[in-house]
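**Q** Quick one: this structure, given as structure tokens, is what I'll be asking you about.
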Amino acid sequence: MHEFLEAFRFIAHNGAIAGEPGLPTLTHLALETLKVAAIGLGISIAIAVPLGVWLGHLHRGSFAAINLGNIGRALPSLAVLAIGDAFLGLGLTVVELALVVLAVPPIVTNAYLGVDGVDRDLVDAARGMGMSGSEIVTRVELPLAVAPLFAGIRTAAVFVVSTTTIASLAGFSGSLGDVIANETSYHFSGVLGAAICVAALALAVEGVLTLLQRALTPRGLRLVEPEPARVPPAEAALA
Amino acid sequence: MRGTKSGRFRTLVASGSAALAVVAGLTACGSSSSSSTSSSSSSSSSATTGAAAPTASGPGVGKPAVTIGDKNFSEENILGALYAQALQAKGYKVTLKDNVGSSEIIYKALTSGQIDMYPEYTGVLLSAVAGQKKNPSSAGAAAQEAKAFVEKQGLTLLGYTPFYDSNALATLPAYARQHGLARIPDLKPLGKGVKLGGPPEFATRFEGLPGLVQEYGVKPTFVPIAIELSYKALESGQVNVQNVFSTDGQLLSGKFKILEDPKHVFGFQNVAPVVKKSVLAAEGAAFEDTLNRVTSTLTIRAIQQMNAAVSIDKQSATSVAQQFLKANGLG
Amino acid sequence: MFVGFGPVLSSVVAAAEPVIPDYGAQSSSCVVHNHFFCADWVSHNWGPVLWPALRGHILLALVAVGIGFVISLALALTAHRYGWLERPTIVVTTILYTIPSLALFELLVAPVGPNVYSAEIALVSYTLLILFRNILTGLRGVPSEVLEAAEGMGMSRKQALTRVELPLALPAIVAGLRIAVVTIIALATIVYTIYNAGLGVPIHTALGEGPFKTELIAAGGLAILLALTADALLVLLQRLLTPWTRARAT
């Protein structure tokens, strides 16, 4: 339909609208979105991965780790942003705070489950070989936990891109969401064009992370599809 | 063993149905409470009627039912409630659909028949929907061009309001006195020393900073401020001049002064109902007359007071509209 | 004043200034000064604002998960039978799941329109990946010996499915439902951008007024509470139906 044609024309013009010389280009907004998302994701990974891996290694705190994942899922991005706005006003810091609040739970849960789920026999064997705790984590557990760990990071990455665009609904400016929230200036063709860009951006991020996951998976594991029946059903869906 | 596996499956179905029954019951209970106002409605029926039921007599009795829509901000909710209740007072059967969406979405709803009319701003009609970029020279010209545009699509524009809701620049009276400010061009000699606040899109749109720079040669320092924080920023001194809307309720307090826009950079934004021609014909002359009467009462002070009651005092658009119409013999 | 289809459109000029009623100060000073949480506003507006939004939100979520479940069950049963279908189904549902909600809603508005159908299509799409994967995992998790025993007892394929496989797959199915319900409740807050329903509506209203803290916290809080309650209820259901999973595997 012609609306999609108009939308692609908008994209082709890099977001320029006739008669509005000052509008930011789509490329600029896309890069800004990635920047905000990357910062949020980076901070979240830095907090969540060590925490989840450590708990999983010790096989402690499973209740907390798993339920943190559930609670994180239950938080609507808009509500988190809105409440942050009410208490602290809306600026980059508050948006990043919201991103971290939303991204940490799935990463912690999946890091925990990934490391906790490593075959105990392997860990015992490694210990028997004289490896220290940290060596076991880095040389045995982490490589074997790459799949669920990255599943958590990919979920968090999509959350983060999505929430960055939603932040524009709450009044934050500096992402592709600005276009979607501002139909008066950009017209529906612009909104649709930006929506297409957001979808493409999220898929690209997921794609890059999948490639990264493949690169980091130990060669031996790459040949074998993990058997779905092995992982406890409730947690399998988190992957 | 407590039960067979298939027994558990049946339990699942039973408890699922029970849960649904509970929700259905809750829904039935909730719907008996007062009809919702400008904020929301259930997903199955998106219709809400104003607090007043249609009267049993009047020119509207026997005429086909009419659906009015409004956009998702409070001033539009007030306008929708005003028109809906005024028509209901004359016996018309009206369904009011709140928060249909933004300009293009609601316009599409109109052309596709989901609604029969909605209140629109003439300038918005021209730029957002018609896609025109040329600035009209007067309120009348804007309305004329808007009318010409919609008539090509089987619609028409009725009379427009005395009030206009355009962008405006506000400042504190003390600041205005200090620098002798009455009109926007008076800001020019102050150069970068003026801190001008507004939402981010103000800095990029023609009906904003670029237009002011081009037409008046002013060159202020721009400070991005979210719309809802406008008046706070002005009062705290974070900005000297702030982008506001000409119908904001806060302007009644006397604490703010609007700088005139002699070249009409901010355009004309009077409101007029956009109606389908077929609906207008079917509903009769009294329909159009009632709408025009309501429109004629909407001066800038009137709408500012209503906006203040809704935004500052948090009253519902429905109740505010009801009070206004009653006071003016229209409700 | 005649205003019709004539060439000259004029403003309907007020004959005299309208009567402006005194709307009074109906709200408490707590509201007017926008303090963090004004209980009086909440109790006053529960009926007209908050409850309809909550009710609409629940309805949106239930319909979405209901339809999503039916579709996912059909897809999973088919993929269980014809294994080659799994990969393409996962790919398609993953793509749908990855598209950020705001974008998906807008993409649907173009063909379908700003109505409940667009909202539900989007919400249903988000349930598919979760439910499909979980149901399939559950079905696959039935040990082959049990299936053979069922066959040995003379059960037809269909009987084996309904009497053995699906009940044994319940833990995974309910776990998937749990995740889907919570996810959809969270996503439904964005529905307001294309359709006037759900708790996103009062959140949006509140954001445009200052922000109006009480309404923001009330509506946002309700959304979070709803999701957590639904999660807890489903955990209870999960425990009721499958007590044997309570023992943690070592």
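**Q** Suppose we filter the range C:27-37 for residues that are at the interface with chain B (Cβ under 7 Å from one of its Cβ atoms) and surrounded by 15 or more Cβ atoms within 10 Å (Cβ to Cβ); how many remain?
**A** Filtering the range C:27-37 for residues at the interface with chain B (Cβ under 7 Å from one of its Cβ atoms) gives C:27, C:31-32.
Now restrict to residues that are surrounded by 15 or more Cβ atoms within 10 Å (Cβ to Cβ): C:27, C:31.
Residues meeting the conditions: 2.
**Q** What's the number of the only condition in (1) without any contact (Cβ under 8 Å) to a residue 12 or more places away in the chain; (2) farther than 18 Å from B:ASP165 by Cα; (3) surrounded by fewer than 19 Cβ atoms within 10 Å (Cβ to Cβ) that B:GLN315 fails to meet?
**A** (3)
**Q** Considering every residue within the range B:235-242, establish whether at least one is buried (at least 21 other Cβ atoms within 10 Å of the Cβ), assigned to a helix (DSSP H, G or I), at pLDDT below 95 and not assigned by TED's automatic domain parsing to the domain that holds B:GLY140. Before the answer, list the steps.
**A** Initial filter on the range B:235-242 (buried (at least 21 other Cβ atoms within 10 Å of the Cβ)): B:239-242.
From what is left, the residues that are assigned to a helix (DSSP H, G or I) are none.
Within the range B:235-242, none of the residues are buried (at least 21 other Cβ atoms within 10 Å of the Cβ), assigned to a helix (DSSP H, G or I), at pLDDT below 95 and not assigned by TED's automatic domain parsing to the domain that holds B:GLY140.
**Q** So, one more: Return the only residue of A:PHE63, A:PHE8 being more than 23 Å from A:VAL198 (Cβ to Cβ) and surrounded by fewer than 19 Cβ atoms within 10 Å (Cβ to Cβ).
**A** Just one listed residue meets the conditions, A:PHE63.
**Q** Can you tell me which residue among A:SER62, A:SER44 is within 28 Å of C:GLY200 (Cβ to Cβ) and not hydrophobic (A, V, I, L, M, F, W, C)?
**A** The conditions single out A:SER44.
**Q** Pick out the one residue from B:GLY159, B:GLY140, B:GLY91 that is within 11 Å of chain C (Cβ to nearest Cβ), out of contact with any helix residue (DSSP H, G or I) (no Cβ under 8 Å at 6 or more places or on another chain) and over 23 Å from C:THR205 (Cβ atoms). Walk me through how you get there before you give the answer.
**A** On the way: B:GLY159 fails: out of contact with any helix residue (DSSP H, G or I) (no Cβ under 8 Å at 6 or more places or on another chain); B:GLY91 fails: within 11 Å of chain C (Cβ to nearest Cβ).
Exactly one residue qualifies, and that residue is B:GLY140.
**Q** When the residues of the range C:38-76 are narrowed to those that are surrounded by fewer than 20 Cβ atoms within 10 Å (Cβ to Cβ), modelled with pLDDT of 95 or more and more than 18 Å from the chain's Cα centre (by Cα), which ends up nearest to the other protein chains (Cβ to nearest Cβ)?
**A** C:LEU73
**Q** Output the helices (runs of 4 or more DSSP H) that fall wholly within the range C:106-218 and possess 3 or more residues being surrounded by fewer than 24 Cβ atoms within 10 Å (Cβ to Cβ) and more than 13 Å from chain A (Cβ to nearest Cβ), or say none.
**A** C:116-140, C:144-152, C:157-160
**Q** Counting only residues that are in a loop (DSSP other than H, G, I, E, B) and among the aliphatic types (A, V, I, L, M), which one in the range A:11-53 is surrounded by the fewest Cβ atoms within 10 Å (Cβ to Cβ)?
**A** Per the stated criteria, the residue is A:ALA18.
**Q** Which one is nearest to the other protein chains (Cβ to nearest Cβ) among residues in the range B:288-330 that are aliphatic (A, V, I, L, M) and touching a strand residue (DSSP E or B) at 6+ places or on another chain (Cβ under 8 Å)?
**A** Taking the candidates together, the pick is B:LEU298.
**Q** Let me ask something additional. Among the residues of the range B:210-234, write down those that are of a type in the set (A, V, I, L, M) and either surrounded by 22 or more Cβ atoms within 10 Å (Cβ to Cβ) or under 22 Å from the mean Cα position of the chain (by Cα) (or both).
**A** Within the range B:210-234, B:LEU212, B:ILE225, B:ALA226, B:ILE227, B:LEU229, B:LEU234 meet the criteria.
**Q** Looking at (1) under 21 Å from B:GLU228 (Cα atoms); (2) of a type in the set (A, V, I, L, M, F, W, C); (3) assigned to a helix (DSSP H, G or I), find the lone condition where A:PHE172 falls short.
**A** In the conditions (1) under 21 Å from B:GLU228 (Cα atoms); (2) of a type in the set (A, V, I, L, M, F, W, C); (3) assigned to a helix (DSSP H, G or I), A:PHE172 misses (3) alone.
**Q** Additional query: Out of all the residues in the range C:95-104, which are buried (at least 19 other Cβ atoms within 10 Å of the Cβ) and either in a helix (DSSP H, G or I) or over 21 Å from the mean Cα position of the chain (by Cα) (or both)?
**A** Let us first name the residues in the range C:95-104 that are buried (at least 19 other Cβ atoms within 10 Å of the Cβ), namely C:97-104.
Selection gives C:TYR97, C:THR98, C:SER101, C:LEU102, C:ALA103, C:LEU104.
**Q** Within the group A:ALA167, A:ALA157, which residue is at pLDDT 90 or above, touching an Asp or Glu at 6+ places or on another chain (Cβ under 8 Å) and either in a helix (DSSP H, G or I) or at the interface with another protein chain (Cβ under 10 Å from one of its Cβ atoms) (or both)?
**A** So the residue among A:ALA167, A:ALA157 that is at pLDDT 90 or above, touching an Asp or Glu at 6+ places or on another chain (Cβ under 8 Å) and either in a helix (DSSP H, G or I) or at the interface with another protein chain (Cβ under 10 Å from one of its Cβ atoms) (or both) is A:ALA157.
The values are calculated or read from the model by the stated rules, or taken from the named source; none is laboratory data. Every value quoted in this text rests on a predicted model; they were computed, and no experiment measured them. Note that each Cβ is placed from the backbone with ideal geometry, even for glycine, and that neighbours are counted across all protein chains shown.
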